[in-house]
Amino acid sequence: MTPALLLLKSAAVLAITALLCLLLRRRSAAARYVVWMAGIGATLLLPMGAVLPTHVVPMPTLAVNVTSTVTSPVRAPMLFGLAQVWIAGSVLMLLRLALHVKRARIIIRKASNSTIKGAYEVRTTPDLTTPVAWGIGRKLMLLPDSAAEWDDEPRRVVLMHESGHLLRNDCWALLMAEIAVAIYWINPLIWYAAAQMRREQEHAADDDVLKNGVCATDYAAHLIAIARSNGTPLLAAGAAHRSDLTIRIQAILDPGRVRTMVTRKLVLSGIVALFTIALPLASMQADRKVHKMEESGVIKPRLVEKHEPAYTQAARDAKIEGTVRLSAIIEADGKIHEAQVEKSLDEGLDTNAIAAVRSWRFEAAQKDGEPVAVACKIEVNFRLL
């Protein structure tokens with residue numbers, strides 16, 4: 001699957017998810033939360049298209065032999081550059097995520113046991129200014145040291161809110177979203193989806209508190225009182241984030257708002273939606289037909305633009321000669337987006353052979369007057385002259 005196609009598929013999944021949430025704008029936050037969670041999860045299933053059964057057939061040899069004598073490198077196609085930038089960005093994002101997890105574990109390790117009793121283990125720490133729930137590996141509630149000075153009622157609603165996060169395993173949903181952001185960071189829709197999922201997650205936790213009989217005006221006042229600008233761990237579900245506190249307060253005070261809680265049936269519906277959205281898109285590429293060049297009615301492709309690969313200096317110094325055999329698919333657009341080494345000669349020469357082949361242009365194969373993809377093998381000969 002090419003990077004461009006994967007990016008397009010992820011954008012389609014997230015656009016569909018956003019549309020569904022728009023249609024559910026009069027439903028509960030819990031329902032929208034599950035939909036966002038399912039949509040983000042669906043993006044993680046999209047790479048399955050690379051391993052699903054395909055219609056690729058055994059590949060005949062396309063006799064395209066090249067003798068390499070040039071020393072200047074061949075510029076790889078732009079798509080290759082996109083893939084490299086994408087991968088580098090994803091690695092950096094995953095490192096960022098790992099650092100956040102490490103920071104959270106340091107905070108937890110330094111946190112003190114609290115005499116405050118809740119449905120889950122409670123600890124206090126000077127490293128946070130707002131309450132959070134942590135549910136990766138173990139479930140506990142982290143409160144700022146100032147929680148000891150809170151009145152009983154604000155403390156009770158905070159513990160109720162954080163317990164809701166832990167009961168639903170919201171931190172695992174945040175982890176899934178951050179992994180998706182790391183993988184698809186180049187797609188702005190994934191950032192929007194992750195932010196919306198976190199927001200609806202907080203709305204759902206607020207609704208849990210209100211469904212348990214807490215007065216809306218009192219709860220809003222408690223949130224305002226304890227809200228602080230904070231640097232909570234990335235995967236911690238927080239009780240009060242100042243960045244969207246106004247939106248949460250408006251939702252809490254809205255008497256007409258639907259406040260249905262997350263149920264097992266709702267989660268199951270989300271899982272069904274996840275596979276319904278993801279699998280057809282994931283298999284889109286797998287279901288395309290790749291023809292044999294010797295197949296009846298297929299007009300073979302014709303090479304119209306060729307760039308010779310370069311010798312690496314190391315291979316030249318070692319006097320390496322021979323053939324690199326590649327397996328590839330010439331797509332209907334006359335380009336080779338993917339090529340794999342079937343017979344290796346030298347790591348550097350293999351790389352240069354792939355870069356050169358991916359820069360070639362063909363008059364696409366045709367069948368019944370339409371351009372089609374065909375499988376082939378390409379031999380690139382390296383000879384020192």
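Observations on the structure shown:
- Residue pairs exceeding 20 angstrom between C-alpha atoms, taken from Lys102/Lys139; Lys343/Lys367; Lys343/Lys377; Lys292/Lys367; Lys139/Lys211; Lys9/Lys300: Lys343/Lys367; Lys139/Lys211; Lys9/Lys300.
- Peptide packing for 27-34, 120-127 was compared via the average number of neighbouring C-beta atoms within 10 Å per residue; ordered from the highest value, the list is 27-34, 120-127.
- Potential extension, Lys306-Ile271 segment - 0.36 nm per residue separation minus Cα distance: 7.8 nm
- Alpha carbon centroid spacing (whole Å) that separates segment 91-163 from segment 314-343: 54 Å
- Segments 322-335, 147-160, 198-211 sorted - mean Cβ within 10 Å per residue, highest first: 198-211, 322-335, 147-160
- Förster-model FRET efficiency, 51 Å R0, Glu338 and Thr246, C-beta, rounded to 0.05: 0.55
- Asn169 paired with Gln84, simple spin-label distance in nm, labels 7 Å along Cα-to-beta-carbon: 4.0 nm
- Calculated FRET efficiency for the pair Glu347/Asp152, C-beta based, R₀ 51 Å, to 0.05: 0.15
- For the pair Glu121 and Arg361 in one chain, pulling the backbone fully straight at 0.36 nm per residue adds 80.1 nm over the alpha carbon distance.
- Modelled FRET efficiency - R0 45 Å, Leu45 with Leu385, Cβ distances, 0.05 increments: 0.35
- Here each label is just a point 7 Å from Cα along the line to Cβ, and for Ile320 and Arg109 those points are 4.4 nm apart.
We did not get these values from a lab; they are worked out from the coordinates using the rules stated. Since this is a predicted model, take the numbers as computed values, not measurements. All Cβ positions, even for glycine, are placed from backbone atoms using ideal geometry, and neighbour counts span all protein chains on display.
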